[in-house]
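Written out below as structure tokens is the structure these notes cover.
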Amino acid sequence: MKKLIVMFFMFSFLFALVAVAQENKGPETINLKESWKVEGKKEAVVFNHALHQDPKNNNTCTSCHATEEGGKFVPAGEIKGANDKNPAHANCWPCHLERKTSVGKTCTKCHVKAK
């Protein structure tokens, strides 16, 4: 009987470890200027990855990434210039406008000076 109880707790512990590992969906925030190696005068956009993963926001990994496993996301095209042809903007703005988020398309909403 003791062996059965010990085995039960071992499997429970392993199951909990696997469940926690599956919940790790990348970093909480991502500095996009560093991640995408962008040089420029504007402040870095610190992307709130955790906020975008929150179930109440109705996003899935494939809203931005190619697969459910995620992986590094890189926009298609060269990132430069403050206009809607910038690939970085083209990835964010349509979704924000469609969902009527408070972020909108104002530069200083995303390009915020570090505190």
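Since every read-out is calculated from the coordinates, none of them should be taken as a lab result. Every value quoted in this text rests on a predicted model; they were computed, and no experiment measured them. Backbone-built Cβ (ideal geometry, glycine too); neighbour counts: all protein chains shown.
Give, in nm to one decimal, the length gained when the segment between Cys95 and Lys2 is fully stretched (0.36 nm per residue of separation minus the Cα-Cα distance).
Working: separation 93, 0.36 × 93 = 33.48 nm, distance 5.55 nm.
Gain on extension, Cys95 to Lys2, equals 27.9 nm.
Distance check, please: which entries in Lys56/Lys115; Lys56/Lys113; Lys41/Lys100; Lys37/Lys109; Lys72/Lys100 exceed 24 angstrom between their Cα atoms? Walk me through the numbers before you get to the answer.
Values: Lys56/Lys115 28 Å; Lys56/Lys113 28 Å; Lys41/Lys100 28 Å; Lys37/Lys109 21 Å; Lys72/Lys100 26 Å.
Violating the 24 Å limit, Cα to Cα: Lys56/Lys115; Lys56/Lys113; Lys41/Lys100; Lys72/Lys100.
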Each residue of the range 45-61 in turn: what ³J(HN,Hα) in whole Hz from Karplus with 6.51, -1.76, 1.60 and θ = phi - 60°, glycine and Pro shown as x? 8, 9, 6, 7, 5, 4, 4, 5, 8, 4, x, 5, 8, 6, 9, 10, 4
Label-point gap, in nm, between Glu43 and Lys72 - each point 7 angstrom along Cα→Cβ: 2.6 nm
For the range 26-110, what size does the Cα cloud have along each of its three principal axes, sorted from largest down, in whole Å? 34, 27, 20
Defining a contact as two alpha carbons under 8 Å apart and six or more residues distant in sequence, what relative contact order in percent does the range 26-110 show? 17 percent
Assign unit charges at the C-beta atoms only (+1 for Lys and Arg, -1 for Asp and Glu), then state the dipole size of the range 26-110 relative to its Cα centre in Debye, rounded to the nearest 20. 380 debye
Tell me which residues come under 5 Å, amide H to amide H, from Cys64 once H is placed; ignore anything under 5 positions away on its chain. none
